1. Would you mind calculating the gained length between Tyr29 and Thr172 on full extension (0.36 nm times residue separation, minus the Cα-Cα distance), in nm to one decimal?
2. Work out, step by step, the length gained on full extension between Lys44 and Arg133: first 0.36 nm times the residue separation, then minus their alpha carbon distance; give nm to one decimal.
3. Distance in nm between label sites at Val193 and Lys145, each 7 Å beyond Cα in the beta-carbon direction?
4. Once you have the Cα-Cα distance between Leu71 and His55, take 0.36 nm times their residue separation minus that, and quote the gain in nm to one decimal.
5. How far is it, in nm, from the label point at Tyr64 to the one at Leu21 when both lie 7 Å from their Cα along the line to the Cβ?
6. Just want the ordering: Leu185, Leu72, from fewest to most Cβ atoms lying within 10 Å of their own Cβ.
Amino acid sequence: MTHTPAEKKNKWLGKAIILGLAALALVIYIAVPSVHSFINKLIKMFQSGDFSAMHDFIAQYGPYAMIVSSLLMIFQSLAAPLPAFFITLTNANLFGWWQGCILSFVSSMIGAAMCFFIARILGRDIVEKICSRGALVQVEEFFDKYGKKCILVARLLPFISFDVVSYAAGLTSMGFWGFFLATGLGQLPACIVYSYVGGMLTGGAKMLFMGLLCLFALAVAVTVIRSVWVSRQKKASKE
């Protein structure tokens, strides 16, 4: 696909702005101890899966809690592959299931769009540093087989980083609005279910729900893998 001089200029300008902001953020992260400590704390909180810690962290900001939650959702999108559904469950606990659902949905859509455009502007080399080359290649192979369908499937799997899919989509010729629509259609049902159940989670119910999510994710993953394997076998037999 060819680009006009104006399009090339805009792409280079966008790349310069994104890289400049990233460099500034990195300098602040390294040079300011309090920022360094804060970001590391956030990452550990995501990785631990501690709902109580996430709940308390967001709740402490009072009237600004929704803004903080949105920023956390966008942060985890850009810093793939941190899990997002922890925030979805926490939002439902804090703000009620339907308000939490809207907040989580809108925030995740913003994050997905940002990942898409970052990949489209910066290119593969930068994306591989963010996602890892192995994860990116796996998603791209899935793209080759199922196209937009994989976006719908990936949004239903709580333990698959859809952020990687968002970055990968930005490297393809896929149009943004097609990607955005598929993202919304795939994200909304899962967001509603997680928010509704998350609003009722207390104590041991959290562990039960986590177990059910694992079983659901495993069932869908097995179905997808089997479909890919059968398809490849048919293709090999024809050849």
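Since every read-out is calculated from the coordinates, none of them should be taken as a lab result. This is a predicted model, so every value here is computed, not measured. Cβ placement follows ideal geometry from the backbone for every residue including glycine, while neighbour counts extend to all protein chains displayed.
1. Values: separation 143, 0.36 × 143 = 51.48 nm, distance 3.15 nm.
Separation in residues times 0.36 nm, less the Cα-Cα distance, equals 48.3 nm.
2. Values: separation 89, 0.36 × 89 = 32.04 nm, distance 2.31 nm.
Between Lys44 and Arg133, full extension yields an extra 29.7 nm.
3. Between Val193 and Lys145, the simple spin-label model gives 2.1 nm.
4. Values: separation 16, 0.36 × 16 = 5.76 nm, distance 1.46 nm.
Here the segment from Leu71 to His55 would lengthen by 4.3 nm.
5. Between Tyr64 and Leu21, the simple spin-label model gives 1.9 nm.
6. Working: Leu185 13, Leu72 24.
Going from least to most buried by this count: Leu185, Leu72.
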